[in-house]
Amino acid sequence: MAKEKTIVEEQNGQTVNDPSSKIEAIKNLIFGENIAAYNSEFETVKKDISAKKKELEDFIEDTRKELNQAIDNLSTDISIRITELEDNLADKVEMLDTKKVDKKTLGDLLIAMGEKINSK
């Protein structure tokens with residue numbers, strides 16, 4: 001076994017000591033052109049995936065900005081409507097205060113009516 005590791009082979013002008021290197025050399029002899037083509041295709045696919053990833057990240061960022069803008073607009077609109085409702089409610093309360101008869105006045109009127117009814 002030690003002799004196998006010390007045997008030195010020369011392949012394509014390179015000295016090969018390691019068994020895994022021998023396997024790589026055989027693989028390159030058998031599949032050399034195909035591996036290069038596959039590697040080229042893989043690189044193309046990697047670049048395409050990177051471009052699509054960048055495009056998606058940009059789309060996500062644009063969508064995030066649009067959503068934040070829509071939320072800000074909605075928040076402003078809701079604040080305005082709440083303020084309008086508060087003002088409207090205050091106006092209604094003020095109107096009720098001016099229209100209603102307070103309890104003392106109502107009580108006095110009812111007593112006066114009762115007395116008139118009794119006196120007839």
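Any read-out appearing in this document is the output of simple, stated calculations on the displayed coordinates, not a laboratory observation. Keep in mind it's a predicted model, so treat the numbers as computed, not measured. Ideal geometry is used to build each Cβ from the backbone, glycine not excepted, and the neighbour counts take in all protein chains shown.
Hey, which aspartates and glutamates would be in cross-link range of Lys92, C-alpha to C-alpha under 13 Å, not counting anything within fewer than 8 residues on its own chain?
By straight Cα distance, Lys92 reaches Glu84.
How large is the dipole of region 37-110 about the Cα centre if only Lys and Arg carry +1 and Asp and Glu carry -1, each at its Cβ, rounded to the nearest 20 debye?
Charge dipole of region 37-110: 260 debye, to the nearest 20.
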